[in-house]
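Everything below concerns the one structure shown next.
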Amino acid sequence: MKSILVFAFMFSLSISGQAQVMFVERFEYETKYTENDFMIMNRPGGLIAFRTQPEKGFNLRSRLQFFLTDYQLESDKFSEIRIRDSFELTGYDMEGDYFYVLFQKGSSANSERYIVEINLQTEETKEISLEYIHAMDMQEFFVLNRKAVFLGISEMRPLVQIFNMEDNDVFTVQGVYSKDTNVLQMRKDSELGLIDLLVSKRDRLKIKQMSVLSFDEYGSKIREINLENPNPRENEFTEGILSPFYNYQQNVIGTYGRKRREAYLGIYIADINEFGEYDINYYTLEDFPNFYNYLSERHRERKLKQLERRIKREKDPVISDIFTTREIIPFRDGFLIYNDHFNATNTRYIPRDGVYANDAYRFYPRGSFFQGPGLGFHSRNPMLNSNRDPYNSLAWQQNGSYKFLSSYFIFINREGQVIWDNAFSLANKNRFSPGKFGEVAFDGEKLHYMYLEGNLLHLSYMKNGEVVFENQEFEIELINDNERIRDTRESSLSLSWWYSDYYLLSGKQRIRFLNDQGKEENRDVFFLTKIKVDGDLFVPEE
């Protein structure tokens with residue numbers, strides 16, 4: 001194999017004039033720009049990077065390639081597995097020391113599928129056929145205690161099936177396959193052996209209902225909680241994110257708004273106890289005094305005056321743009337709720353069920369970018385993740401255009417009180433997908449918010465709810481001072497929060513360096529770079 005691993009490691013916190021972003025560790029794998037990008041997933045102790053790569057020549061043969069790293073991005077082994085001809089990677093998940101990859105032949109609902117189970121300790125592999133799984137357009141896949149769980153669309157209805165890899169039994173989950181039903185979220189709890197579904201559907205009177213359904217790993221229903229809306233004919237839950245269990249309690253958090261109209265009213269939080277009883281708190285712009293902080297002072301004052309007049313007329317304040325909850329970060333004393341505020345700007349935009357046209361942000365067929373045991377304190381909804389892999393046959397709808405206004409953060413304690421709220425301006429930045437705009441690192445006090453624009457990193461920072469700086473630009477740097485970046489393939493770049501105050505940046509670059517003879521050469525690499533952030537090192541310009 002001509003491709004080789006090249007590892008560059010240097011733990012150096014040499015501080016430049018822009019010290020709040022530090023490139024501390026880097027891993028490189030020599031590859032070609034024309035080859036597929038690697039996808040990355042968290043695992044206990046580090047990361048796994050993987051891809052399928054066609055063999056050279058005119059044939060249909062491909063290989064699954066992968067390597068493991070620790071938290072210092074050290075790796076010394078690269079592995080390959082031959083996959084069946086004409087099959088493509090369509091799903092993946094991690095369960096303990098096992099890595100599962102779902103392959104599919106073709107893109108139709110009745111396509112042939114199989115799973116590869118890889119023991120990451122011994123590299124022993126096993127192929128598992130899925131001939132008894134019902135025909136469906138696959139939307140989500142994960143594994144729970146050697147039970148493969150599939151979410152798909154069959155005859156315009158959602159379908160959830162559980163496949164026991166030990167005895168080849170298939171069980172269809174009840175209460176999901178019905179008309180006018182959407183699965184907003186499917187999550188697993190490996191410790192409790194549970195599968196949670198957050199489902200919305202309309203009854204015969206077209207009233208929208210939100211339900212939490214929990215099943216054991218065999219598909220038996222454990223509980224069903226129907227969240228009652230006190231004013232369903234006027235307002236309705238737009239979406240929701242289901243949190244993990246904490247002290248036997250769980251939460252559903254999301255936005256709500258006017259029925260059948262694109263007017264958002266605010267956020268709701270449903271507190272569910274161990275007995276399935278719940279309370280719902282509703283929050284509007286009256287509870288969020290800093291919602292308009294992304295505007296200039298003059299425009300903010302104008303908005304606040306309009307808001308005050310509307311409240312005096314006893315009218316509910318509304319958010320006319322799109323307001324969507326992206327992520328929940330739970331703590332012992334409360335929640336940080338990250339929301340994006342944006343609007344659709346192209347002529348193909350058509351309202352859909354009170355939300356907006358290109359709602360592909362709800363579905364992420366190959367699981368969360370970082371989902372699994374090493375996740376840390378973030379509770380991410382895998383269906384809200386924008387880091388899709390580059391060769392996904394179920395890609396975003398590309399005819400959209402979206403203008404992002406702000407990213408808005410709220411910290412609410414366990415008693416339901418708003419402790420602080422604030423917003424970072426996104427300066428009307430345009431994107432072609434409605435996915436999550438940025439990545440959040442939050443420790444309860446310090447909040448770093450980072451996103452990519454082209455090949456530049458942008459960092460914003462708030463502390464205890466107060467904005468310190470926003471949208472500071474940083475160029476991508478190397479660890480080795482004797483090397484230079486000749487080219488960065490922007491379409492390959494992917495950024496995600498990793499753990500603590502570290503982010504992970506990956507992609508392809510062409511690196512210029514001097515060989516042993518002092519002659520200049522170039523190498524094309526796929527890289528992983530570990531980035532440390534510290535907003536307290538920011539020094540404002542005079």
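The values are calculated or read from the model by the stated rules, or taken from the named source; none is laboratory data. Given the structure is predicted, the values throughout are model-derived calculations rather than measurements. Every residue, glycine among them, receives a Cβ derived from its backbone with ideal geometry; neighbour counts consider all protein chains shown. Side chains included, ligands, DNA and RNA excluded: accessible areas come from the protein's heavy atoms. Shrake-Rupley method; radii C 1.70, N 1.55, O 1.52, S 1.80 Å.
Taking only protein heavy atoms into account and a 1.4 Å probe, give the accessible area per residue of the chain in Å².
On the way: 24150 Å² over 542 residues.
With all protein chains present, the chain gives 45 Å² per residue.
Under 1.5 on a/c is rounded, so check that first for the chain, then, if it is not, pick prolate when a/b is larger than b/c and oblate when it is not; a ≥ b ≥ c are the square roots of the alpha carbon gyration tensor eigenvalues. List each step's numbers first, then the result.
Details: a/c = 1.81, a/b = 1.14, b/c = 1.59.
Here the chain falls in the oblate category.
Per the 1.4 Å probe, what fraction of the accessible area of region 79-159, in percent, lies on carbon and sulfur atoms?
C and S atoms contribute 41 percent here.
How much of the accessible area of region 397-482, probe 1.4 Å, is carbon plus sulfur, in whole percent?
Result for region 397-482: 38 percent of the exposed heavy-atom area is carbon or sulfur.
At most 14 other Cβ atoms within 10 Å and a DSSP loop assignment: could you name the GluC sites (Glu not before Pro) in region 63-96 that fit?
74
Heads up, I need the accessible area for residue 137: 1.4 angstrom probe, whole protein in place, Å², nearest 10.
70
Does region 159-318 come out rounded, prolate or oblate by the C-alpha gyration tensor, with a ≥ b ≥ c the root eigenvalues, rounded set by a/c under 1.5 and, if not, prolate when a/b is larger than b/c and oblate if not?
prolate
Keeping the other protein chains in place, figure out the carbon and sulfur percent of the accessible area of region 227-289, with a 1.4 Å probe.
Solvent-exposed carbon and sulfur of region 227-289 make up 43 percent of the total.
Given 69, 145, 416, which one lies farthest toward the positive end of the charge dipole of the chain, if we put +1 on the Cβ of every Lys and Arg and -1 on the Cβ of every Asp and Glu?
My answer, from the dipole projection, is 416.
Quick one: accessible surface of residue 501, probe radius 1.4 Å, all protein chains present, in square angstrom to the nearest 10.
Only protein atoms counted, so the area is about 40 Å².
For a quick check of your reading of the filter: which chymotrypsin sites (Phe, Trp or Tyr not before Pro) in region 73-146 sit in a DSSP loop and have no more than 16 other Cβ atoms within 10 Å?
Listed in order of number, the matching sites are 132.
Take 212, 170, 539 and sort them by solvent-accessible surface of the protein heavy atoms, 1.4 Å probe, largest at the top.
539, 170, 212
If the cut-off is 27 Å between C-alpha atoms, which lysines fall inside it for residue 312, apart from same-chain ones fewer than 8 positions away?
Excluding near neighbours in sequence, the set is 259, 303.
If you filter region 153-193 for trypsin sites (Lys or Arg not before Pro), then keep DSSP loop positions with at most 16 other Cβ within 10 Å, what is left?
179
Of 516, 340, 169, which has the most accessible area and how do the rest follow, probe 1.4 Å?
516, 169, 340
When Lys and Arg each count +1 and Asp and Glu each count -1, what net charge do the other residues less than 11 Å away from residue 410, Cβ to Cβ, add up to?
Value of the local net charge: -2.
Only Lys, Arg, Asp and Glu count, each charged at its Cβ (+1, +1, -1, -1), so figure out the dipole size of region 226-295 about its Cα centre, rounded to 20 debye.
The calculation lands at about 380 debye.
What is the set of long-range amide H partners of residue 145 at a cut-off below 5 Å, with H atoms built 1.01 Å from backbone N?
Residues meeting the amide H criterion: none.
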